[in-house]
1. Search the range 39-50 for residues that are more than 10 Å from Ile66 (Cα to Cα) and pair each with any residue that is basic (Lys, Arg) and surrounded by 20 or more Cβ atoms within 10 Å (Cβ to Cβ) when their beta-carbon atoms are under 7 Å apart and the residues are at least 6 apart or on different chains.
2. Please work out which residue is modelled with the lowest pLDDT, limiting yourself to the range 246-302 and to residues that are among the polar types (S, T, N, Q) and outside any helix (DSSP H, G or I).
3. Just to be sure I understand, how many residues within the range 185-240 are more than 20 Å from Gly158 (Cα to Cα) and polar (S, T, N, Q)?
4. Select from the range 91-132 the residues that are of a type outside the set (D, E, K, R) and within 30 Å of Lys199 (Cβ to Cβ) and write down the one among them that is surrounded by the fewest Cβ atoms within 10 Å (Cβ to Cβ).
5. Is it the case that some residue within the range 166-186 is among the hydrophobic types (A, V, I, L, M, F, W, C) and in contact with a Ser or Thr (Cβ under 7 Å, 6 or more places away or on another chain)?
6. Has the range 171-190 got any residue that is part of a helix (DSSP H, G or I), of a type in the set (S, T, N, Q) and more than 20 Å from the chain's Cα centre (by Cα)?
7. Residues of the range 17-51 being touching a Lys or Arg at 6+ places or on another chain (Cβ under 7 Å), surrounded by 17 or more Cβ atoms within 10 Å (Cβ to Cβ) and under 16 Å from Glu125 (Cα atoms), which ones?
Amino acid sequence: MDKNIKGFKIKYAGNIYAGNINKFNYLIKYDDTSLVYNLYFNILGKEDIKELNKKLKNIDKEITIIYKNNVLSVVGSLQEIKELPDTINPILESTTEYLKSNGYKEICKHCKQVKKVYLTDNDGEINYFCDDCYKEFIKIAEYKKNNSKNAKEHLLKGVLGAIVGTIPGILLWFLLSYLKLEPGIAGIFITMGAALGFKHFAKVMKISGLVISILIGLLGVIIAHELNCSIYIYNLYKEDFLINIWDAYKSIPYYLSRDSEFKTSFTNGLSVGLILSVIGIFSSYSLYRQSIYSYQIKRIGE
């Protein structure tokens, strides 16, 4: 199917198609979820595209044509991906013929200069860049990588930050329980808060920070659950016995060993919190990846 797209050269990273027609490079991005496609051209020329708009509307009345910041984009929708060639080919032909006859010039997406361009993956940004910008990206990447390697991680401050970061999530755990909602959802925010707190205080998160923030986040989930159970025990027996929250907390092992219903409820609640906390742990890994700065840049098709 891909080769039926006119001027098609390469498919990259899922449903991203690149090619060249009438000496203009194009990029098509199709989203499987929304069923929307975007056709892009990086061009320099007159801003008035009323004529092109009218021309393309005759092909498909539902599409949207925008020319802004030297990017011409055509946005439309499909029922399924196999419709792309038949839908996009007349648009490609009409658009590039219009650009050619009206003197538009192809430019680099980054520097906006009329230069020879190459399809490039600039740390996830897929577009056409010139050779000078490509070399600039590499220099920036090397500079940031070196800075990342030499950055100092303040572990003690990071630990304090991770502990502070868990507090909002722990309070949310209590609030959800009070509202009779699933408190384990707060596990996401506890582990996420631990990661953000560590990074904010430590300035950088390396492998040690990643492990510490995860452990503190998981510990925060356990503490939140146990304190919540303590509040439950306290409210249940405060009228019959002269107890405080600390007494209720110390009684948890007793009820776990003597009360099967309490044990089941305790175990299930903690399991939900720990399972959901994994979502928050992804934020720890994301911050770690940012700190080590694994910048990727490469030319596609070379």
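1. Pairs found: Asn42/Lys109.
2. Applying the filter and picking the extreme gives Ser294.
3. 3
4. Selected residue: Gly124.
5. no
6. The answer is yes; a qualifying residue exists.
7. The answer is Tyr17, Ala18, Asn42.
Conditions tested, residue by residue: (1) part of a loop (DSSP other than H, G, I, E, B); (2) modelled with pLDDT of 95 or more; (3) touching a His at 6+ places or on another chain (Cβ under 6 Å); (4) under 20 Å from Leu287 (Cβ atoms).
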position: Tyr67; (1), (2), (3), (4): no, yes, no, no
position: Ser73; (1), (2), (3), (4): no, yes, no, no
position: Glu83; (1), (2), (3), (4): no, no, no, no
position: Cys133; (1), (2), (3), (4): no, yes, yes, no
position: Glu142; (1), (2), (3), (4): no, no, no, no
position: Lys145; (1), (2), (3), (4): no, no, no, yes
position: Ser148; (1), (2), (3), (4): no, no, no, yes
position: Leu156; (1), (2), (3), (4): no, no, no, yes
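The values are calculated or read from the model by the stated rules, or taken from the named source; none is laboratory data. Note that the structure is a prediction, hence the values are computed from the model and not measured. Note that each Cβ is placed from the backbone with ideal geometry, even for glycine, and that neighbours are counted across all protein chains shown.
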